[in-house]
Amino acid sequence: MNKITMRGVAGEVRWGYQPVAAVGSWEMTAEPCGSNLSAEIQSMNASRMERQPLTFRAMRQNGQAFGEWPIESSHIAGTTLHARLGPQKA
């Protein structure tokens, strides 16, 4: 399998049904060994970012989600979220 890169302009991190962080531009790279996400944080509830399980939802410009992935691990550097993602949820 080749490396695949997806980019978007909006997304969110959720803990169950609760929003945890809103992100602007993001980039996801999928490889045979898994997917990596890099996203610019626009707003965040820091205490909820430490809870598990978290998911990343990619959003269309009209605000509707088009994909959701579990976050297996993450860290924040400045205003950038870096995360390792699991398989896309059905």
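Rule-based calculations on the coordinates, nothing more; no lab input. The model shown is predicted, which means the values in this text are computed figures rather than measured ones. Note: ideal-geometry Cβ built from the backbone for every residue, glycine included; neighbour counts use all protein chains shown.
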Those residues of region 1-24 whose amide nitrogen sits under 12 Å from the label point placed on THR80, 7 Å along Cα→Cβ: none
Debye, to nearest 20: dipole size of region 35-82, +1 on Lys, Arg Cβ, -1 on Asp, Glu Cβ: 140
If neighbour count is taken as other Cβ atoms inside 10 Å, put SER43, SER35 in order from fewest to most. SER43, SER35
Considering amide H positions built from the backbone, and no H for Pro or chain starts, which residues 5 or more places from VAL23, or on another chain, come under 5 Å of its amide H? GLY11, GLU12, VAL13, GLN42
Normalised by the residues of region 4-85, what does the relative contact order come to in percent, with Cα pairs under 8 Å and at least six apart? 30
Sparse-neighbour loop sites [trypsin sites (Lys or Arg not before Pro); region 1-86; at most 15 other C-beta within 10 Å; DSSP]: LYS3, ARG51, ARG60
Overall Cα dimensions of the chain - principal axes, largest extent first, Å: 37, 28, 28
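Give me the extension gain from ASN36 to ARG48: residue separation times 0.36 nm, minus the current Cα-Cα distance, reported in nm with one decimal.
2.2 nm
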Exactly which GluC sites (Glu not before Pro) in region 49-90 are in a DSSP loop and have at most 15 other Cβ atoms within 10 Å? GLU50
Nearest-20 debye value, the chain charge dipole, Cβ charges on Lys, Arg, Asp, Glu: 160
